1. May I ask you to list pairs of residues, at least six apart or on different chains, whose Cβ atoms are under 8 Å apart, with the first in segment 68-83 being of a type in the set (Lys, Arg) and the second being at pLDDT 95 or above?
2. Just checking: which of the strands (runs of 3 or more DSSP E) contained wholly in segment 1-90 hold 1 or more residues that are within 19 Å of PHE111 (Cα to Cα) and within 16 Å of ligand 2 (Cβ to nearest atom)?
3. Hey, among GLY152, GLY139, GLY148, which residue is among the small types (Gly, Ala, Ser) and at pLDDT below 95?
Amino acid sequence: MMTRLVVAPGIVHWPGYLAPDEQAALVADLREVARLAPFFQPRMPKTGTPFSVRMTNCGALGWVSDEAGYRYQPLHPASGAPWPPMPAVLARAWKDLAAYPHPPQACLVNFYEASAKMGLHQDRDEQDFDAPVVSLSLGDTAVFRIGGTQRGAKTMSLKLASGDALLFGGEARLAYHGIDRILAGSSALLPQGGRINLTLRRVTKP
Ligand code: MD6
Ligand code: FE
């Protein structure tokens, strides 16, 4: 029996959505993704300041960021190769959880070492805000911060552990959120520690 927690209107948390064996299989799939599409260090628009998180993508489109801005593109920014296909378990998770009739087009893969963080942001580079964003977490637990749709709104924090799924949809689709910190040593899934977060997105209007 899967626990489904409504954190706020439009924000749903499924602790332990992926079983331990599914998490291990997905890590193996992601090693292959990272072999074909190596992790890169994204940079802030305009300033070029590097992110502390490293990224890659799978699926038809990938999210990238550099001096020219945030965008989706079909090719890896360094190798120029198409992104590898999405592992089947990701399409299944979207079907299970998204309540949206069209498949995801992009899966952003974020890797956090123990000291990495992600500032409060909105996911707003997609053309279709009717589709939710579905995230899966692997490895060390993260302290996730959730705000409102306005930058100054009050915030709450939520721990995301290995195997957890989280959905941002409906009135929360454009809610601010970020990663305050990673709890090093909280999971044994990744032998070197750290955390992987996958976000599944629909980019274009169907
Ligand atoms: C992370 N997650 O968990 C970053 N975005 O590392 C996100 O930025 C995110 O978890 C949209 C919806 C769900 C998310
Ligand atoms: Fe996000």
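The values are calculated or read from the model by the stated rules, or taken from the named source; none is laboratory data. Small disclaimer: the values here were computed from a predicted structure and weren't measured. Note that we place each Cβ from the backbone using ideal geometry, even for glycine, and neighbour counts take in every protein chain shown.
1. Matching pairs, first to second residue: ARG71/TRP63; ARG71/VAL64; ARG71/SER65; ARG71/ASP125.
2. Per the criteria, 54-58, 62-66, 69-73.
3. Going through GLY152, GLY139, GLY148 in turn, just one is among the small types (Gly, Ala, Ser) and at pLDDT below 95: GLY152.
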